[in-house]
Amino acid sequence: MVMRNWCIACALVASACVEPERDTTYAERRVAPALAEPVLSISDAQRFGARGPSTRPDASSGPTQSSPESPLSWKSPPGWEERPSSSMRLANFSVGADAECYLTILPGTGGGVVGNVNRWREQIGLEAVSAEEVAALPRVALLGTEAYLVELEGAFKGMGTEAKEGWGLRGAILGTDRFTIFVKFTGPAELVSLEAESFDAFCASITIREEATSSASSSTSSSSTSHGSASGIGWEAPPEWVMEPGGGMRLVTFRRGGVELYLTVLGGDGGGVVPNIQRWVEQLGLTPPTAAEVAALPKVEVMGVPSPLLEATGEYTGMGASGAIPDTTMYGIVCLLPERAVFVKMLGPSAEVLAERERFTAFVASMHSEDSH
Amino acid sequence: MTQLGKKLWELSTSYGTACVLLIFLFLLTLFGTLEQVDHGLYAVQKKYFESFFVLHEFAGVPLPLPGGVLCMGLLSWNLVAGGLIRIRKSRATAGVIIVHIGMLVMFAAGLVKLTASDDGYLRLYEGESSEEYVSYYLWEVAVFDADSKGEVSEFLISDEQLKLAEDDSLRVSHDLIPFELELRHFRENARPTRESSPLPLAGEWRLLELEREPEAEANIAGVYATARSATGGEQTAILWGLAESPWVVEIGERRWGVVLRHKRYRMPFSIHLDEFIKLEHPGTDIPSEFSSEVTQGKGSESLPLLIRMNEPLRDEGLVLFQSSWGPSNARPGDRLFSVFSVVRNPSDHWPLYSCIIIGVGLLIAFTEKLIKYVKAQNSQRAKEAGV
């Protein structure tokens, strides 16, 4: 009896040690719901490329991402999963389970480089640093120039979250005359360090979209019917206005004599109505209005949205001005649309601007969303 | 019974053995919980609780321990032999025997859960429906007619089979598929690359093996696949768990999709997410409560239901728990998705039955003790009173 049991046990052990079947059939056959989308015969690069498995950040097959209304385009680094852009985040990625990276643009200084570096340092539990120390920060390529590179490690405390120990932050800040770009990568310190190269490559890949400029240019160059569109916004411009490529953050620029008019679109609320109007008023050397004064400004309808219209005259000291330009009049509109803010600004010598007022009003009234057509 | 057999019988059915096994289970729980911090739940479960032996490193010294399966197996034997067979049967031990039966039901629930259950998740955006849920960590390769209209007949290579392709090749064929599929170099965590890697090239790409993540669900598997047709044609590609689209094998005029993905389970009903509701603590983005209004579809019937934390949907042997939502960085107005943990466990209710049986057993045992005590007291008093 005992022998028999031993034999059975040995047989069981032996069967468990037999080499498993390597030339076999499918384990199961089942009926699945209908295909959600057609199966396309695509290349390996396309099968893998959308999530960026290529380890060459500059690979020509690397995906160039950005939403159509975004003024910027970029290449998604390997392994970074692009998420929908939201509010202030023009580009939005998750990396692994915990890390994220996003790109934000604010008009003007956006709080300044020093202020933002110290805000980031505070988020990660570090002391503030001086302007000299910020000036000594390393640089990273961004938009064809060099941005400040911030590398921090500590206990990261984001908005409404508990402090996370061993967290890293790698960020880039680029201030220009007209806007400030922030690229911020946060996550476990080890991962942030591993992805440093990808982060730098991502920053280097960011460029200003040419689509807006080219689409606007082509639509207006041939005739007096000077309607045009860019980034989903259409308009009809008076034939007297000479259109120039947008450039920078501008969708389009028009000139007539000394008067310049341009259209800009930013993600989210673009920094908000009040700060932008206050900044414009400051550019004219005037005392910035309070929020209540901004609220009391006359409204014009832009693409169906009542938007405040600023009309002010002063000594212009804003971007592009080598010195104060007296007697400059500015018309400015901030229009908040869902997910983006549209800015229309006209400025120049007071007399000339006043002469363009009617055409400005007609131009603003002609603006429309191309999406609805 | 021989002398040795008798000794073994006594040893294996003794209270002492039960105590030692319970101490081992305590140590496994303690060490497993501590190791979970660095190695994740899945790996620790496999190492400490779904194993026969464990080599735990304690202060740099390897400490061999019996694994969870061995401990539970021996404890079950101890309970059956010692607590049911060997125990003296009388009215006084009836309650204890019932308690032992209840404990065995609990052990049996664990065994069934270990061997016959599966779990996964179902992620739905508002307005989406699904009849399938997806495993957190098991993989499968599915082969199907890429131009199917309506329901798709899928031929599946299981996670168990895929593991065979780690060090050697696995060849799979079927009469209804006009090619043999050979799988090689299966890696649990990998990504395709165009740069150097010890693994071979397939076209312009090769797999780069990555270190396994502590959280098993974060691993993305990859495998090399070669399709060989009867006419001698051969096509090779890399299958990757995060690929955007299946690999298409063209044989004659037919196209076949081949995809590596997390194992899918079909449910006997569909779930449509009507609305995801998230309430936040005042002034913060921290959710205080989240729930999902869903419609459960069974054939032509539709049943509106609310799934919320601690109020899962239980039907047809499946339990759907409200587990999370996303995207985690969503802003007001962004489209949200709801995630349900789905568990298929045939022994889902057995722990409840076990607790009821144990409760009844304890009640009988304590009542018996109480009666005995009262009787002893009465007898004592009568003796003192000189009755």
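Read-outs throughout are calculated quantities, based only on the coordinates presented, and are distinct from any laboratory measurement. As the structure is a computational prediction, the values presented were derived from the model and not from experiment. Cβ atoms come from the backbone with ideal geometry, glycine included; neighbour counts cover every protein chain shown.
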* Asked: Could you state the number of Å between the C-alpha centres of the range B:12-33 and the range A:168-204?
  -> 51
* How big is the Kirkwood radius of the range B:77-221, worked out from every pair of different alpha carbons and given in Å to one decimal? -> 20.4
* Pairs of Cα atoms under 8 Å, at least six residues apart: use those to get the relative contact order of the range B:243-380, whole percent. => 12
* Structure fact -> Output field shielding_mean for A:34-40 (other chain Cβ, 10 Å radius) holds 6
* Asked: Counting Lys and Arg as +1 and Asp and Glu as -1, what is the net charge of the other residues whose Cβ lies under 14 Å from the Cβ of B:ILE97?
  -> +3
* Spatially proximal lysines relative to A:LYS184 (Cα-Cα < 26 Å; intrachain offsets below 8 disregarded) -> A:LYS75, A:LYS157, A:LYS164
* Structure fact -> Under 11 Å by backbone N from the virtual spin label 7 Å along Cα-to-Cβ at A:SER41, the residues of the range B:228-262 are B:248-256
* Sorted from fewest to most neighbouring beta carbons within 10 Å, what does the list A:ASP23, B:ASP145 look like? -> A:ASP23, B:ASP145
* Asked: Per-residue mean of other chain beta-carbon atoms within 10 angstrom of the beta-carbon, peptide B:237-249?
  -> 5
* To do: Just rank B:LEU170, B:LEU22, fewest to most, by other beta-carbon atoms within 10 angstrom.
  => B:LEU22, B:LEU170
* What are the extents of the Cα atoms of the range B:241-303 along their three principal axes, listed from largest to smallest and rounded to whole Å? -> 62, 35, 18
* In degrees between 0 and 90, to the nearest 10, how far off the longest principal axis of chain B does helix B:15-39 point, with axes built from Cα atoms? -> 30
* Asked: Which aspartates and glutamates does B:LYS372 reach when only Cα atoms under 19 Å apart count, and residues fewer than 8 places away in its own chain are ignored?
  -> B:GLU384
* Structure fact -> Checked chain B with the C-alpha gyration tensor, a ≥ b ≥ c its square-rooted eigenvalues, rounded below a/c of 1.5, otherwise prolate if a/b is larger than b/c and oblate if not; verdict prolate
* Out of the range B:333-371, which trypsin sites (Lys or Arg not before Pro) are coil in DSSP terms and have no more than 12 other C-beta atoms within 10 Å? -> B:ARG335
* To do: Shielding by partners for B:139-145, please: the mean number of other protein chain Cβ atoms within 10 Å of each residue's Cβ.
  => 2
* Provide the net charge surrounding A:GLU151, with neighbours chosen by a C-beta distance below 14 Å and charges set as Lys +1, Arg +1, Asp -1, Glu -1. => -2
* **Unit charges on C-beta of K, R, D, E only; dipole of the range B:168-306, Debye** => 580
* Structure fact -> Restricting to lysines and to Cα separations under 18 Å from A:LYS345, and discarding same-chain partners fewer than 8 apart, the set is A:LYS299
* **Cα gyration tensor shape of the range B:113-168, rounded if a/c is under 1.5, else prolate or oblate by comparing a/b with b/c** => oblate
* **Two-decimal ratio, the range B:89-146, of alpha-carbon radius of gyration to 2.2 N^0.38 Å** => 2.10
* Structure fact -> Restricting to Cα pairs under 8 Å and 6 or more apart, the percent relative contact order of the range B:146-195 works out to 28
* Asked: Within the range B:39-182, what is the number of lysine pairs with alpha carbons under 29 Å apart, leaving out pairs fewer than eight places apart on the same chain?
  -> 5
* What percent do you get for the relative contact order of the range B:98-236 when only Cα pairs under 8 Å and 6+ apart count? -> 16
* Measure nothing fancy, just the Cα-based angle from helix B:68-77's long axis to the longest principal axis of chain B, in degrees from 0 to 90, nearest 10. => 40
* Cα-based helix-to-principal-axis angle, B:350-384 vs chain B, degrees rounded to 10 -> 10
* Structure fact -> The local net charge around A:PRO188, scoring Lys/Arg +1 and Asp/Glu -1 for residues other than A:PRO188 whose Cβ lies under 11 Å from its Cβ, equals -4
* Classify the range B:138-276: rounded, prolate or oblate, from the alpha-carbon gyration tensor (a ≥ b ≥ c, eigenvalue square roots; a/c under 1.5 rounded; otherwise prolate if a/b is larger than b/c)? -> oblate
